[in-house]
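What follows is a short report on a single structure.
The values are calculated or read from the model by the stated rules, or taken from the named source; none is laboratory data. Everything numeric in this text was worked out from a predicted model, so none of it was measured. With ideal geometry, Cβ positions are generated from the backbone for all residues, glycine too; neighbour counts draw on all protein chains shown.
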Amino acid sequence: MKVLLLRLSSLGDVLHTLPALTDLARAHPDLELDWLIEPAFAPVAQWHPMVRQVLPFSLRDRRQGKKVLLQKILALRNQLHSRNYDLVLDSQGLYKSAILARLAGAPVLGLAPRSAREPLSTLLYQQRYRVPWGPTAIQRNRELFAKALSYPRPSGPADFGLAALAKKWQEEPVSLPAFLTRPFVIAFHATSTAWQNKEWPIQHWISLAHNLADGGLALLLPAIDARERHRVESIVSAAPNVQGLPAMDLAELARIMVRARAFVGMDTGLSYLAVALGLPGVVLYGPTAPELDLHPWNTGPMIVPLSSRESCAPCGQSQCRRISRSDQEIPCQESLLPETVWQQLWPLLKIDAHELP
C-alpha cells in the first residue's frame, strides 16, 4: 500500500508526528509512505526510516505571484497523481493541508471536525476520525494513525525512530571547532516572534552560564535571525564560557546537538528536537503547560519540565497581560530562577572528574 502523509509544519508538530511513524512501521512494515512537508522541515522527515520519499512544497513564499503559485500547484498535482497513492492521510487538519491532500487523487483520511484545528477543512476528507483533545499532541497523532491505518491503539513509550541516526552522528569522525572540544550544554533561548513571552530573561541565562562555568562546561547558543543574535551577544558579553553558534540549517545543528551533555530550552521546536535525538535536559514553561502524560517527559532520556508557579500560569496566551511595555520581563518566566534550573540540570550532566577544570 502506498500512502501520502501531509504534516506541513511547524518543527514541533513535525517532531510530534515521528512516534506515530514508528508505530506504523511496526504495524505495517511493508507500507510505502511519502511525506509532503514544508521545505524548512524536510530534513526531519528524511531522518525517519519509515519515510520512503520526502516531497518538499511550500505555499508560504510571498515573493511568488499567483500565476507562479498556480503553476507550482499544478506541477504538484501531476507529481502526486503519477505516484498512484492508495490513500492520503492529512494529520494537520488545516484548510491548506486538506486542499493539498486532495491533489493526489486518492481517498483522503483525517480528523473529525471536533478534533481538527480548522473544522471545515474536514469536509474535504472521505473518512474522518475523532481523536480527543485531552492527550498530548504526540499521543493524538499516534491514535489518529492507528485508526486511519487499521492497527491497534498504541501504548507505551513514544519512539521517535532517531536513536540509530543520533548514535551514527555521535560516532562520525569530525574536525571540531575549539568551542566543541570541551563539555557543553546547548540552550534554546528564543522562540517564534508570536510567542516571545515564552522566553527566559537574558540575565537568567547569564546566571546559568556562570553556574556552568563553575562546573567546567561551556554554553552554546544558536540564533537564526538578528533578534536572536542580539540576545546571544548580550549573554556572550557577560559570560566567557558562552559561545554563539553561526547560522546553520537543522541538519547541521542536529549534528552539534547530539554531542551536548544536555540542553536547556523553552517550549519550542528545538527543545523537542533535542528530546527526539536522545538528549537529557530541562524545559522551562511559563505561559504554556508541559505535556507530562505520555511523552516526552517520562520516556527515553531524563527530561525535567519546570513550570512557573505564578498564579496566572499557564495562561495559554501569546501576549502577557501583566506587562505594559514590550521591554518588561514576563513575570511567569522571570520567576523560574536560575538556581532552580541549575539544581535540576547538574545531575543530568554526567561530568567525569578528569573533565573538571
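Side notes on the structure shown:
- When residues in region 18-50 are screened for being free of Cβ contacts under 8 Å to residues at least 40 places away in the same chain, surrounded by 20 or more Cβ atoms within 10 Å (Cβ to Cβ) and farther than 16 Å from A276 by Cα, 3 of them pass.
- Taken over region 231-248, the criterion of being over 23 Å from the mean Cα position of the chain (by Cα) and assigned to a helix (DSSP H, G or I) is satisfied by E233, S234, I235, V236.
- The lone criterion from (1) under 28 Å from L149 (Cβ atoms); (2) not in a helix (DSSP H, G or I) left unmet by N78 is number (2).
- Test set (1) surrounded by fewer than 23 Cβ atoms within 10 Å (Cβ to Cβ); (2) of a type in the set (V, I, T); (3) touching a residue at least 60 places away in the same chain (Cβ under 8 Å) - T122 fails condition number: (3)
- Condition check for N84: of a type outside the set (A, V, I, L, M, F, W, C), closer than 16 Å to L4 by Cα, part of a loop (DSSP other than H, G, I, E, B) and in the same structural domain as V14 (by TED's automatic domain parsing): yes
- The single condition among (1) of a type outside the set (S, T, N, Q); (2) outside any helix (DSSP H, G or I); (3) at pLDDT 90 or above that L176 does not meet is (3).
Table: residues versus (1) within 24 Å of the chain's Cα centre (by Cα); (2) assigned to a strand (DSSP E or B); (3) within 22 Å of E310 (Cβ to Cβ); (4) not assigned by TED's automatic domain parsing to the domain that holds A260.
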| position | (1), (2), (3), (4) |
| --- | --- |
| R182 | no, no, no, no |
| V185 | yes, yes, no, no |
| A190 | yes, no, yes, no |
| A194 | yes, no, yes, no |
| S207 | no, no, yes, no |
| L220 | yes, yes, no, no |
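- Residue satisfying all of: in region 58-86; without any contact (Cβ under 8 Å) to a residue 12 or more places away in the chain and surrounded by 12 or more Cβ atoms within 10 Å (Cβ to Cβ); farthest from R102 (Cα to Cα) among these: Q64
- Which numbered condition A137 misses (of (1) under 19 Å from S9 (Cα atoms); (2) more than 24 Å from the chain's Cα centre (by Cα)): (2)
Residues are listed down the side, and each one gets a yes or a no for (1) within 20 Å of L176 (Cα to Cα); (2) buried (at least 18 other Cβ atoms within 10 Å of the Cβ); (3) at pLDDT 95 or above:
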{"site": "R227", "(1), (2), (3)": "no, no, no"}
{"site": "S237", "(1), (2), (3)": "no, no, yes"}
{"site": "M248", "(1), (2), (3)": "yes, no, no"}
{"site": "A251", "(1), (2), (3)": "yes, no, no"}
{"site": "A254", "(1), (2), (3)": "yes, yes, yes"}
{"site": "V258", "(1), (2), (3)": "yes, yes, yes"}
{"site": "D267", "(1), (2), (3)": "no, yes, no"}
{"site": "V275", "(1), (2), (3)": "no, yes, no"}
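- Selection from region 168-213 of residues that are of a type in the set (D, E) and exposed (fewer than 12 other Cβ atoms within 10 Å of the Cβ): E171, E172
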